[in-house]
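Worksheet for the structure shown next.
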Amino acid sequence: MGVGVRATGFTYVSHVLAAAAAVMVLVWCIHFRGGLAFESTNKNLIFNIHPVFMLIGFIILGGEAIISYKALPWSKEVKKLIHLILHVIALVFGAVGIYAAFKFHNESGIYNLYSLHSWVGLGTICLYAIQWIFGLVTFFYPGATMTFRRDALPWHVIFGLFVYILAITTAELGFLEKLTFLQNSGLDKFGSEAFLVNFTALVVVFLGASVVLSAVLPAQVEDTTGYTEITDP
Ligand code: HEM
Ligand code: HEM
């Protein structure tokens, strides 16, 4: 990118923010919202699976998958395998998380797919699955020709980052929507739970930014961008 900044620092920042976001969403859903359950007469516990799985799977593991090329010390082939596996785990977590949201709606007699959040969310997971299949077929098995791989890579990176940014945006809409529902049914607007949710959403914004920067910045910076004294001829 030619700005003289390496990706490495941002990969560390991403790990820290990812760990913070995971802890915060768990504290919210377990401590404040009563825990997680697939089967329960308290349907809110089924809903709680949704933010936890979407965040830890889609956003955190998906982010770790993207930065794996810059964050890990191993060979390109090993990193490719880790990239592929982490993305598929993210996809499975995402599918389970969305299933939980539908299950909660169906068992509570609430309509499905009425919000912008749900539309963008469904679009995001479909594009993520397409990106994964395209990546697998092109770069792994059976693998495309060298020329096609070279031409496809920039598009893989651009589309991958677009889908990831879309996932971050969806999560932001989700936090906003859920907190607004809770505040409309009496939750203290300036209480500790409201602050926790808003701060979690902020951490997710910064996590998204540092993952994207880790991907677009170079692993190594050439010395030519450094300071050199201008001397008289
Ligand atoms: C990238 C991550 C996310 C995706 C792809 C996603 C996707 C979805 C989808 C497809 C639905 C529709 C379910 C239905 O209509 O039955 C939904 C519902 C919901 N999600 Fe998410 N979600 C994500 C993250 C979150 C987060 C972090 C929260 C925060 C609490 C959240 C809150 C909600 C709420 C409150 C609903 C029910 C209301 C509605 O349908 O809009 N979501 N989500
Ligand atoms: C939804 C799934 C996927 C997303 C969102 C995604 C996203 C990305 C992104 C953002 C990069 C750029 C990383 C960087 O330059 O630091 C990248 C690189 C790459 N991805 Fe994926 N990817 C996905 C799935 C796959 C799959 C399944 C494969 C198959 C092996 C794959 C193979 C590659 C390769 C070979 C690179 C190039 C690394 C390099 O040489 O710089 N990706 N991917």
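The values are calculated or read from the model by the stated rules, or taken from the named source; none is laboratory data. This is a predicted model, so every value here is computed, not measured. Using ideal geometry, Cβ is built from the backbone for each residue, glycine included, and neighbour counts are taken over all protein chains shown.
The table below lists the values:
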{"quantity": "Residue within the range 181-198 that is charged (D, E, K, R), at pLDDT below 95 and over 26 Å from residue 78 (Cα atoms) present", "calculated": "no"}
{"quantity": "Every residue from the range 2-17 that is in a loop (DSSP other than H, G, I, E, B) and on the phi < 0 side of the Ramachandran plot", "calculated": "3, 5, 6, 7"}
{"quantity": "Answer residue from the range 148-185, given it is surrounded by fewer than 15 Cβ atoms within 10 Å (Cβ to Cβ) and of a type in the set (Phe, Trp, Tyr) and is nearest to the chain's Cα centre (by Cα) among those", "calculated": "162"}
{"quantity": "Qualifying residues in the range 115-148 (those that are more than 14 Å from ligand 2 (Cβ to nearest atom) and touching a helix residue (DSSP H, G or I) at 6+ places or on another chain (Cβ under 9 Å)) - the one farthest from residue 79 (Cα to Cα)", "calculated": "115"}
{"quantity": "Positions within the range 91-133 being touching a Leu at 6+ places or on another chain (Cβ under 9 Å) and among the charged types (D, E, K, R), in sequence order", "calculated": "none"}
{"quantity": "Selection count where residues are at pLDDT below 80 and within 12 Å of the chain's Cα centre (by Cα), scope the range 199-233", "calculated": "0"}
{"quantity": "Unmet requirement for residue 97, which otherwise passes all of (1) within 15 Å of ligand 2 (Cβ to nearest atom); (2) in contact with a Phe, Trp or Tyr (Cβ under 7 Å, 6 or more places away or on another chain); (3) closer than 19 Å to residue 56 by Cα", "calculated": "(1)"}
{"quantity": "Lone unmet requirement of (1) touching a residue at least 12 places away in the same chain (Cβ under 8 Å); (2) of a type in the set (Phe, Trp, Tyr); (3) within 13 Å of ligand 1 (Cβ to nearest atom) for residue 181", "calculated": "(1)"}
{"quantity": "Top-ranked residue of the range 147-192 - restricted to ones that are of a type in the set (Asp, Glu) and assigned to a helix (DSSP H, G or I), ranked as nearest to residue 136 (Cα to Cα)", "calculated": "151"}
